[in-house]
Amino acid sequence: MPQDPYDRATTRFWSKFIDDKGEEQEKAMKEAEEALKTLERGGLIFGGEAISIVDISANCLSIWLEVFGEAIGTKFIDSEKFPLICSWIEEFTSIDLVKESFPPRDKLLAYHKRLL
């Protein structure tokens, strides 16, 4: 720790700030994982033959979470923990109409990395 009282207080402030943010992120990750577990237990195969409003609502689970996770260095949806969700993502993102609606993956990744 610095000898100067102001510098020591500043160091303590930033250390606590970083620790608190880490705890908030850890809590948010746990909450997100619980929500994914709920979807997985519910059987996330939504639309059947046609895309439904539920599929559209859940589209954030597809390319968006994967790219955001890559940008921050984590993986939100693991195929071992969430096989049904991963299967749905694969099926949903293989639909031509859906593929055409997404921005280019490399641009999306670059955008998220700039935000960090």
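The values are calculated or read from the model by the stated rules, or taken from the named source; none is laboratory data. Computed from a predicted model, the values in this text were never measured in an experiment. All Cβ positions, even for glycine, are placed from backbone atoms using ideal geometry, and neighbour counts span all protein chains on display. Accessible surface areas use protein heavy atoms only, side chains included; no ligands, DNA or RNA. Shrake-Rupley method; radii C 1.70, N 1.55, O 1.52, S 1.80 Å.
Summary of values
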read-out	value
Residue within the stretch 28-37 that is open to solvent by 50 Å² or more (accessible area, probe 1.4 Å) and in a loop (DSSP other than H, G, I, E, B) present	no
Which listed residue is modelled with pLDDT of 85 or more and on the phi < 0 side of the Ramachandran plot, from 89, 53	89
Residue ID - farthest from residue 57 (Cα to Cα), chosen from residues in the stretch 90-108 that are in a helix (DSSP H, G or I) and touching a Phe, Trp or Tyr at 6+ places or on another chain (Cβ under 9 Å)	108
Residues satisfying the stated conditions in the stretch 61-81, i.e. within 16 Å of residue 114 (Cα to Cα) and open to solvent by less than 30 Å² (accessible area, probe 1.4 Å)	67, 69, 71
Criterion violated by residue 12 - all others in (1) of a type in the set (Lys, Arg); (2) over 23 Å from residue 116 (Cα atoms); (3) under 19 Å from the mean Cα position of the chain (by Cα) satisfied	(3)
Count - residues of the stretch 82-114 that are under 15 Å from the mean Cα position of the chain (by Cα), touching a residue at least 24 places away in the same chain (Cβ under 8 Å) and open to solvent by 100 Å² or more (accessible area, probe 1.4 Å)	1
